[in-house]
1. I want to verify a result. In a Gaussian network model of the chain, Cα cutoff 10 Å, which of these has the top mean-square fluctuation: 294, 394, 107?
2. Cut-off is 10 Å between beta-carbons; in what order do 245, 331, 46 appear when sorted fewest neighbours first?
3. How long are the three semi-axes of the equivalent ellipsoid for region 1-205, computed from the Cα gyration tensor as the root of 5 times each eigenvalue, in whole Å, largest first?
4. State whether region 60-105 is rounded, prolate or oblate according to the following rule on the C-alpha gyration tensor (a ≥ b ≥ c being the square roots of its eigenvalues): a/c under 1.5 gives rounded; otherwise a/b larger than b/c gives prolate, and the remaining case gives oblate.
5. Determine the shape class of region 256-422: with a ≥ b ≥ c the square roots of the Cα gyration tensor eigenvalues, call it rounded for a/c under 1.5, and otherwise prolate if a/b is greater than b/c, oblate otherwise.
6. Shape of the chain from its Cα gyration tensor (a ≥ b ≥ c, root eigenvalues): rounded if a/c is under 1.5, otherwise prolate when a/b > b/c, or oblate?
7. Output the relative contact order of the chain, whole-number percent, from Cα pairs under 8 angstrom with separation of 6+ residues.
8. To the nearest 0.05, how large is the calculated FRET efficiency for residue 243 and residue 408 if R₀ is 51 Å and r is the Cβ-Cβ distance?
């Protein structure tokens, strides 16, 4: 206990913060890659297809548990809400997440192994959503290293447990259950401790505060849920129109797109607090300069990913997952291009949040989700995997264009206000 308190009291170095933020982002992006690879190599393409669908559903349900409070909480530099309010709100959203999962299973008629895999993976993500409120509190107190450390170790531990269980039991359900138990243990043994260090962890049913937080974050939540739907609409169409192994193939070629987002998060997540300060203090030149550099970084990462994907992507992925993907080179390039636009969307999403105009992001997400819904089934039914990949690219490109218009409109209004004051 003394060692823990000493570590928490010690002011972290910039290198430590950068390292653990990078590690947290890395393992968070890599977890789906590693887990799918483990299942594919151990149990085969069909079981991997079941796992891939279950993991996609769990990520969509995770948005309910998170309710996109983290971006608001980590940028709440004036302490608009106390931690007990954030804590209570997270208890409520996690309960809602479990309820929505049950309704989703009922409406889609999932039964047997597929249903149980979805339930266990959603339980895992529910635990992660609860851990996130403590990680957000650490970030709010300038301890992004604590948040990154927690995420890194938690994911490493349950991935290791999952892999060992797969090798020993050859049972997907048992192995998913092992992940749930290990994640729960980490929540109890570590994250709850960091929560108690920074503030009192208690329920506070302050109706006015909870309602105010709900109103502040609901546009962000709805936007995040719609974004997850946009990402997963092609997967749901593949599940409806193609055989289970194609779910595995699409899941594999979709993975590299997350690398673009990963390297983008490395750059801009540590700058959120600074960008918020620039905006609030009307330092627009510094704000725009930082945003421009981040956009250039995303373009550079995307170009590198496209080049690497064209030259080595399919052979590398085929070797890594032990399955033949030679027929899907064009689909991989479409998905990688979509990954670049998605990274731009995430950046603009955070910038609009910094501008505290998060309600406007719904315009973009509703438009892009409608496009994904209209295109998904038709494209996959007509063109298979190519249709799924093109649906993703078109949807995120539309979203990016809408976000640019929203961001520019809010910025223009602020700049005009500054000129009038001047």
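Read the figures in this text as sums done on the coordinates, not as results from a lab. Remember, it's a predicted structure, so these values are computed and weren't measured experimentally. A quick note on method: Cβ atoms are made from the backbone with ideal geometry, for glycine too, and the neighbour counts reach across all protein chains shown.
1. Per the Cα network of the chain with a 10 Å cutoff, 107 tops the list.
2. Details: 245 16, 331 25, 46 13.
Ascending number of Cβ neighbours within 10 Å: 46, 245, 331.
3. Working: eigenvalues 188, 84, 37 Å².
The equivalent ellipsoid of region 1-205 has semi-axes of 31, 21, 14 Å.
4. Cα axes put region 60-105 in the oblate bin.
5. Values: a/c = 3.39, a/b = 1.79, b/c = 1.90.
Note, shape of region 256-422 comes out oblate.
6. It comes out oblate by the Cα gyration axes.
7. Once normalised by length, the contact order is 21 percent.
8. For R0 = 51 Å, the calculated efficiency reads 0.70.
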